[in-house]
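The values are calculated or read from the model by the stated rules, or taken from the named source; none is laboratory data. Just so it is clear, the model here is predicted, and its values are computed rather than measured. Please note: Cβ atoms are built from the backbone with ideal geometry, for glycine as well, and neighbour counts cover all protein chains shown. When the accessible area is computed, the model is the full protein with side chains, heavy atoms only, and any ligands, DNA or RNA have been set aside. Shrake-Rupley method; radii C 1.70, N 1.55, O 1.52, S 1.80 Å.
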Amino acid sequence: MVPVPEVAARVFGDGLERAVEFAGMLERYGVERGLIGPREVDRLWDRHLLNSAVIGERIDTGAKVIDVGSGGGFPGVPLAIARPDLDVVLIEPMARRADWLNEVIETLDLDVIVERGRAEEKVLRKRIGTADVVTSRAVAPLARLAAWCLPLVREGGMMLAVKGVSAQDEIARDASAVARVGGGAPAVFECGVGVLDTPTTVVRVERVRGVHGRRRAG
């Protein structure tokens, strides 16, 4: 079993037991089911669970969160474990990964919904509506991600995209494309500062316009 870092108790609080169980599931089945690479097993906590959970510090209490392209469960599952007050929906297009997510939700007894489909599908958008926050991690470049995610964000809500060292370069390249689909100026910030050895880099984009280009009043 991969050792549980001390900081995990601080990040997950009462959800630590569930987080440990989720890490165990990934350790046992993640590689064989194509959810993580072999080299990721020893880095499950710092690179995946903790890295995902800390973005909750930027999300208001009781918010509805849609996680796009959840894959193995990131960042949506750790976020739901650390923040049980959130209303979380996981979107995943691949059947085998959606099946995995449903297994995780059932095993951990999480109050989370899994939707199989693509964020850009109109039928899916109509079914799940909009959210206060739409999250993603390692899904697509910022321009494409904004086109998929911002229509799922209520006006005044925000998109939170977990990114790496390329975040600033992506903003410089894609800011105009983000604006065309209703997004405000992208901003980069770090989550987990003073908690994690390597804080999580996140790009935040507020949805400032509706689908027909109307700017939010006020």
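Which ³J(HN,Hα) values in Hz, rounded to whole numbers, follow from the phi angles of segment 89-102 under the Karplus curve 6.51 cos²θ - 1.76 cosθ + 1.60, where θ = phi - 60° and Gly and Pro get x?
Calculated HN-Hα couplings, in order: 10, 9, 10, 8, x, 7, 4, 5, 7, 4, 4, 4, 4, 5 Hz.
Can you give me the long-range amide H partners of GLY34? Hydrogens built in the peptide plane at 1.01 Å from N, cutoff under 5 Å, separation of 5 or more residues or another chain.
Sorted by chain and number, the residues that satisfy this come to none at all.
Where Lys and Arg each count +1 and Asp and Glu each count -1, what net charge lies around PRO3 among other residues with Cβ under 13 Å from its Cβ?
In short, -3.
Which percent of the accessible area of segment 107-218 is formed by carbon and sulfur heavy atoms (probe 1.4 angstrom)? Don't jump to the answer; show the numbers that get you there.
Values: 2840 of 5830 Å².
On segment 107-218, the fraction of accessible area on carbon and sulfur atoms equals 49 percent.
So what is the 222 nm mean residue ellipticity for the chain from helices alone, if each DSSP H run of at least 4 adds -39500 (n - 2.57) and you divide by all residues, rounding to the nearest 500 deg cm²/dmol?
-9500 deg cm²/dmol
Calculate the dipole size of the chain relative to its Cα centre from +1 charges on Lys and Arg beta carbons and -1 charges on Asp and Glu beta carbons; express the result in debye to the nearest 20. Let's see the in-between values first.
Numbers: 30 positive and 31 negative charges, 265 e Å.
Using Cβ point charges on Lys, Arg, Asp and Glu, the chain gives about 1280 debye.
Between VAL165 and ASP197, with labels modelled 7 Å along Cα→Cβ, what's the label distance in nm to one decimal, could you check?
That separation, rounded to one decimal, is 1.7 nm.
Over segment 74-181, what is the relative contact order in whole percent, taking alpha-carbon pairs under 8 Å and six or more residues apart?
23
Return a whole-number percent for the relative contact order of the chain, with Cα pairs under 8 Å and 6 or more residues apart as the contact set. Don't jump to the answer; show the numbers that get you there.
Values: 407 pairs, mean separation 36.4, N = 218.
That works out to 17 percent.
Solvent-accessible area per residue for the chain at a 1.4 Å probe radius, Å²?
Accessible surface, normalised per residue, equals 49 Å².
Roughly how big is segment 95-173's charge dipole about its Cα centre, with Cβ charges of +1 (Lys, Arg) and -1 (Asp, Glu), in debye to the nearest 20?
420
Round to the nearest 10 and give me the degree value, 0 to 90, for the angle of helix 16-29's Cα axis relative to the longest principal axis of the chain.
In the chain, helix 16-29 runs at an angle near 80 degrees to the longest axis.
Heads up, I need the accessible area for GLU103: 1.4 angstrom probe, whole protein in place, Å², nearest 10.
Accessible area, nearest 10 Å²: 80 Å².
When the accessible area of segment 47-90 is computed with all protein chains present and a 1.4 Å probe, what percentage of it is carbon and sulfur? Write down the numbers at each step before the final one.
Working: 470 of 1180 Å².
Carbon with sulfur: 40 percent of the solvent-accessible area.
Would you check the accessible area of GLU155, probe 1.4 Å, heavy atoms only, in square angstrom rounded to 10?
Number for this one is 70 Å².
I need the shape label for segment 68-218. Rule: rounded when a/c is under 1.5, else prolate if a/b > b/c, else oblate, with a, b, c from the alpha carbon gyration tensor.
oblate
Given H placed on each backbone N at 1.01 Å, which residues far from LEU90 in sequence or on other chains put an amide H within less than 5 Å of it?
ASP67, ILE113, VAL114, GLU115
Between ARG154 and MET1, take the C-beta separation as r, use R0 = 41 Å, and let me know the FRET efficiency to the nearest 0.05. Working shown, then result.
Values: r = 41 Å, r/R0 = 1.00.
After rounding, the FRET efficiency stands at 0.50.
For segment 16-78 and segment 87-138, what is the centre-to-centre distance using only Cα atoms, to the nearest Å?
Segment 16-78 and segment 87-138 have Cα centres separated by 14 Å.
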